[in-house]
Structures are given as structure tokens and as C-alpha cells.
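These notes are about the structure you will find just below.
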Amino acid sequence: MKNIIPILLMLFFQIGQGFTFNLGGTMNYGWILAIIYTIAYIFSSRLFKIKEFRYISALYLILFLLQILAEYMAGNSFQNGVKGVAIDVVSYASFFFLVSLLIKKPNLIVWAIIGTVVRMLIFGKESESSAEEALAGEDATYLKFFLGPLIVYVMLIISVFLKTKMFTYIYMFVGLVFVVAGARSLGLITFLTGTFVLFVRLKKTDVTGMLKRYSIPLLLVFYGMYVFYASNVMNGNISAGNNYQLKDSKNPFNPLEIIKYSRTDAWIAVAEFTDKPLWGFGSWADDPGLKYHLMMAKLTDSKINIDAYNGGVVLPAHSVIFGKAAYNGIFVAIITFFIIFFFVKRGFLLLNSNSIYMFIIMYFLYSLIWHSLFSPVGHLRDSFPLFFAFIWVCWYYESNKKQIQ
């Protein structure tokens, strides 16, 4: 029974995130569990005997206090301010909960991913497109937000038990298929995960040193692959998903162009930040006069229906780091960056470990980097706690030369 309780807690946390309700903002039973657990155990936890855990907890505390100050100084509404602060609170509570479980039994990560798969199967797809449309190249939404992640999660579970080179090649191939089918970011992360796991398995030691030495040749290889992909999109050989973004761009062979068209609201967040760098606009503040939506439209030479926004629209900020900067200013953005960098650095150093969880570590690492730059601020609360917790637990075992199970 004692061994079953952590598994049940992990499954409840993951699956419970699908059962949402309104509490001044979106809340779910998984986060409620994490908050209750944190309140009950935070003052007696042995985790605070670990210097690195105290450090990251201090950063979270500073983030929380600065967030409150920024919301006040920006003159944000009480409801929106609370929603902004709640992201930091839920993020830390989830991180504390997950670390408390994983540091005792790192293999609970498998149950965490199983819980994610079950949650997706219970609550279904998040779009109206279908698997047939995705496979036919007509609509990549279903592939990007349901079918693709589901396949990746299942493969991550399998990767713990199957360490063959053939599985690594299959994993890389699946990533390339996703790219061609229109799920570019998911496919790129999947492909890079398989590629660097292959480096780890072949090189065995000092992979980080190898990457530093051969960074330029590797970048040239990856750019060559991008040019090959872009050429096939432009000549019509690849037509799946949202490849119109490449065709509409002025220079499709510049990777920054595809980011400009596909992640326009991440680019605009930088402009928003420069307009109010000290305290920002406030979390979920309205776009004043649709200024930044109009800038987005101009950036991509597209049109927007102004009448559709008569009721007001939230400031666009499709980036965790730059979104925090736009919402809450420079100080909150810096602390957010420090928190993320803390885990990214340790994930990178784990390339030398060749852990049985290497696929999961690398997938979490590259997802963390991508979402930090090009995904909504809510990822700090939703996906990041699991990334943070597992990367840090693996690093803790590696740095203390303990065998991770």
C-alpha cells in the first residue's frame, strides 16, 4: 500500500488537471492537490536541506513578491492581478509536489506521463479537425495538439524500457514525419531529442564538450536540412498543415522568417515590453486600441476584422519570458529567466549522464526552451513544473553520483 500511494498521487495530479472549474480563473483538481500538499508539508520538508532547492525556492519567492508589486504599479485590475500571481503560486506548488515525489522514486515519471496520456484520452482532442485531415495534410491542428503529443508521450514511456539504436532512429523518423505533416515545432523537438540521445549513446562521455567543439558544423547541417524542407514546401512537394506561412514570407530560407509568421505574438511581446519596460501592462491587460494586434497584422501583411474585437482583446504575448516582460516588466522577466536558465543549464549538463530516462530528459529540455520563447505565459504553471522537477531530480542524482532508478 505504501508503494501504491505515490503512484496514485501522481496519477491524480496529472489526470486531475483535466477536471477544471472556475475560481476567479481556471482551476483544476490537480493543482488543488499540489497546493494542499505544499501547505501541509513545506515547513517540514527535508528538501530545504539541499542548497540548490533553497536557491530555486528563493527565486520563486522573489518572483511572487515582484509579481505583486508589478501588478500594483501597472494599475492592473484586482482579478487580472490575482490570476497573474496565481500562475507563480501554482507553478511553485506543483514543482514542490512533484519534486517531493520524484526525489524518492524517480521512476514515477513514467506514471506522470501515463497520467498525461490518460487525461488526453479522457478529455479528447482540443480542436474540431480530425486524424484523417491531419494525415492527409489538410489540417495540422489535430496532429499538433492531440495526435502528435499522444504519440510522443507513448514513445517516451517505451524509451525507458527500450534502449536500442533502432528505437532511436524510429524516434527521429517520427519527428521528421511530424515536420512534413505540418507540426513543425513538435517535430523539431522530437527530432532533436532523438538526435542528441543518439549522440549520448554513441559518444558516452563529454557530450557537452563535443557539442561546443562542433556547434558550428552542427548548425550548418541543421540549416541545410531546413533549406531542403523549405525548398520542398515552395515547390509544392510538401503541402501539409500551415506551410502557407513559408510561402507568404519574404525570405523563406531565413528560419527567423518562419518564426515571425508562425509566432508573431512572441515577436510583438518585445515591442510591448519596450513600451512599458519597468512594470509592464499587467497580466491579461487589454490591448490598448488594438495597437499590438494591428502591428501583428502589419508584420505579416494580413488583415484583421476590427469589428470582431469590439469587446476588447487581451494583449498578445505568446512567450513565457517575453510575455512576463510585457505583462510585468523587467524585474519579473529577469527572475523568470533565472528560474528557467537554472533548469536548462542542468538539463544540458545531463547530456553526459546517459540515464535510462535520457529521452524524457531531452524532450523536457527542448520543450522547456521552446515554450520559454514561443508559448503562452501559462506554461510556467502548466507544463514547466514537471519539466523543472524531473530535470532537477535527475541532476541531483547525477551530481551526487547516485544511481537513478
I want to confirm something. Restricting to segment 308-362 and keeping residues that are within 24 Å of Lys105 (Cβ to Cβ) and of a type in the set (S, T, N, Q), which single residue is surrounded by the fewest Cβ atoms within 10 Å (Cβ to Cβ)? Asn354
Could you check segment 284-301 and list, in sequence order, the residues that are outside any helix (DSSP H, G or I) and either farther than 24 Å from Ile87 by Cα or open to solvent by less than 80 Å² (accessible area, probe 1.4 Å) (or both)? Trp284, Ala285, Asp287, Thr300, Asp301
Has segment 86-103 got any residue that is within 23 Å of Leu278 (Cβ to Cβ) and either surrounded by fewer than 16 Cβ atoms within 10 Å (Cβ to Cβ) or β-branched (Val, Ile, Thr) (or both)? yes
Could you list, in sequence order, the residues of segment 19-69 that are surrounded by 15 or more Cβ atoms within 10 Å (Cβ to Cβ) and either β-branched (Val, Ile, Thr) or in contact with a His (Cβ under 6 Å, 6 or more places away or on another chain) (or both)? Ile32, Ile35, Thr38, Ile42, Ile50, Ile56, Ile62, Ile68
Which fully enclosed helices (runs of 4 or more DSSP H) of segment 146-238 have 3 or more residues being of a type in the set (S, T, N, Q)? 184-203, 215-234
Scope segment 175-190; condition aliphatic (A, V, I, L, M) and out of contact with any Leu (no Cβ under 6 Å at 6 or more places or on another chain); matching residues: Leu176, Val177, Val179, Val180, Leu186, Leu188, Ile189
Quick one: what pairs do we get from segment 67-80, first residue modelled with pLDDT under 95, second open to solvent by 60 Å² or more (accessible area, probe 1.4 Å), C-beta under 7 Å, 6+ apart or different chains? Asn80/Trp284
Say we look at segment 316-370 and pick out the residues that are farther than 24 Å from Phe281 by Cβ and among the hydroxyl-bearing types (Ser, Thr, Tyr); which of these is nearest to the chain's Cα centre (by Cα)? Ser367
Flagged in segment 10-26 as part of a strand (DSSP E or B) and either within 18 Å of Phe96 (Cα to Cα) or of a type outside the set (A, V, I, L, M, F, W, C) (or both), in numbering order, are Thr20, Asn22, Thr26
The residue that is farthest from Phe364 (Cα to Cα), considering only those in segment 165-208 that are among the polar types (S, T, N, Q) and either in contact with a His (Cβ under 9 Å, 6 or more places away or on another chain) or open to solvent by 20 Å² or more (accessible area, probe 1.4 Å) (or both), is Thr205
Condition test on Tyr153, is it surrounded by fewer than 21 Cβ atoms within 10 Å (Cβ to Cβ), among the aromatic types (Phe, Trp, Tyr) and within 21 Å of Asn107 (Cα to Cα)? yes
Does segment 22-33 include one or more residues that are among the aliphatic types (A, V, I, L, M) and modelled with pLDDT of 95 or more? yes
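The values are calculated or read from the model by the stated rules, or taken from the named source; none is laboratory data. From a predicted model like this one, the values you see are computed outputs, not experimental measurements. Here the Cβ is made from the backbone with ideal geometry for all residues, glycine too, and neighbour counts use every protein chain on show. The protein model used for the area step is the full one, side chains on, heavy atoms only, and it has no ligands, DNA or RNA in it. Shrake-Rupley method; radii C 1.70, N 1.55, O 1.52, S 1.80 Å.
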